[in-house]
């Protein structure tokens, strides 16, 4: 597998500062917290799966440092929090991380609209895995709004990219004065 | 920086191998959980780790409710207060009547040598959140095995039956609502006395009665209460209201109901303690001759 790290800190022609592991961990915990915020049922089905989006983000932009295991651990936490089957989110998030690392070069090179299309595809795939798991294991089927969360997740992508990149930007004006 | 050095040399197993490892691990967990229910202890452990996060995540909603409470207008408060006082007087009168009836009932039961109906303990619990899992209808409450919660306990709010405790962790418990697909509650029609069972449909605000003969006496607007024959729910708790009766061509009617309890407006529920143990099923004592119950 060829996924060397050359150019991982270059995005859109901009050279970024190296990322601290604590920063990655903190953003993941923040996403977990966002997922745990209690919401009314109609709203929660439309909310993006923040953890899936963050896992995908770090796997696309720092795949060689993040790897698959954080996705798996976060998946287990979400399984317990959501009262779903043990391993359901874990399997889905691991696949999300794999897709992110596998496609990271392509996604990084694309303009935002193509990035969003890729992210949408991966998030839908991730939800489809969970749906498949539930159909096989218990025969449960969700309602129509199930896949809306992928749409909102993909719509969130530009904001996530913009926000998480901020602390990694070099300060432009530090050389002046 | 060591971590940023390009991995020219092979570093551990390939990505696909690692994917396969984690995926197989997840599938093993899934099978162990779905088929054998082996993992409840691990789940409880993870739940303890997760508990502080859940508390923190619940803070914004708490804060919003509190600030909302703070800025409520005086007029609204006094109106609400008046209403509550009136309700309290009415409820007090009802309670007194109920006490008298209970005493009378106990006396009558001793006269006919029937077993007394035991009282149940009640625990007030806060709803932490509704599960995001779109496949099920579950809520998580802030009472766990430390507060003597156990699977199977009935959960009600002030309007009626909400569901049943289905999984207990040290600090929190999961409650399956009666709209969950796995939930069924034996009920009785208050008007006609006909017994049936409600089944959750997996979405909010609706349950249905199944296996009810088309000739059974159900009308729109009928009130359904727990019949108490399951031993989980005490008899007489309001459950649902009939909203539509479809006499189908088959011999069974389709009866749609709306549950009376709801989590949308409330943050507190009451968990009822365990009732008396049921006597042994005399048929179950003789397994070879007992036919298997039909599975729907």
At the level of C-alpha centres, the distance separating the range B:201-228 and the range A:57-131, in angstrom, is 42 Å
Mind checking the angle between helix A:88-102 and chain A's longest principal axis? C-alpha axes, 0 to 90 degrees, to the nearest 10.
30 degrees
List the residues of the range A:103-117 whose backbone N lies under 19 Å from a point placed 7 Å from the Cα of residue A:155 along the Cα-to-Cβ direction.
A:112-117
Chain A, helix-only ellipticity at 222 nm - DSSP H runs n ≥ 4, -39,500 (n - 2.57), divided by all residues, nearest 500:
-21500 deg cm²/dmol
Quick one: compute the contact order of the range B:184-264, relative version, from alpha carbon pairs under 8 angstrom and 6+ residues apart, as a percent.
29 percent
Tell me, what is the percent relative contact order of chain B, built from C-alpha pairs under 8 Å that lie six or more residues apart?
14 percent
Under 10 Å, Cα contacts only: if you run a Gaussian network model on chain A, which one of A:65, A:134, A:21 comes out with the highest mean-square fluctuation?
A:21
Helix-derived [θ] at 222 nm for chain B: sum -39500 (n - 2.57) over DSSP H runs of at least 4, divide by residue count, nearest 500?
-10500 deg cm²/dmol
GNM on chain B, C-alpha springs below 10 Å: top fluctuator among B:173, B:78, B:251?
B:78
Mean-position separation - Cα centroids, the range B:78-105 and the range B:127-167, in angstrom
27 Å
Ordering of B:219-227, B:253-261 by packing [mean C-beta count within 10 Å, highest first]
B:253-261, B:219-227
Looking only at B:183, B:150, B:83, which one moves most when chain B is put into a Gaussian network model with springs between Cα atoms under 10 Å?
B:83
In degrees between 0 and 90, to the nearest 10, how far off the longest principal axis of chain B does helix B:40-70 point, with axes built from Cα atoms?
70 degrees
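Give me the percent relative contact order of chain A, please, defined on Cα pairs under 8 angstrom at least 6 residues apart.
27 percent.
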Let me make sure I get this right: for the range B:146-244, a, b and c are the square roots of the gyration tensor eigenvalues over alpha carbons, sorted descending. Under 1.5 in a/c it's rounded, otherwise prolate if a/b > b/c, else oblate. Which is it?
prolate
Degrees separating the helix B:15-31 axis from the principal Cα axis of chain B, which is the longest one
20 degrees
Taking 0.36 nm per residue of sequence separation and subtracting the Cα-Cα distance, how much length would be gained by fully extending the chain between residue B:211 and residue B:120, in nm to one decimal?
29.7 nm
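What order do you get for B:138, B:241, B:85, B:181 when you list them from fewest to most C-beta neighbours inside 10 Å?
In increasing order of surrounding Cβ atoms, one gets B:85, B:241, B:181, B:138.
Rule-based calculations on the coordinates, nothing more; no lab input. Note that the coordinates shown come from a computational prediction; the quantities given were computed from them, not determined experimentally. Ideal geometry is used to build each Cβ from the backbone, glycine not excepted, and the neighbour counts take in all protein chains shown.
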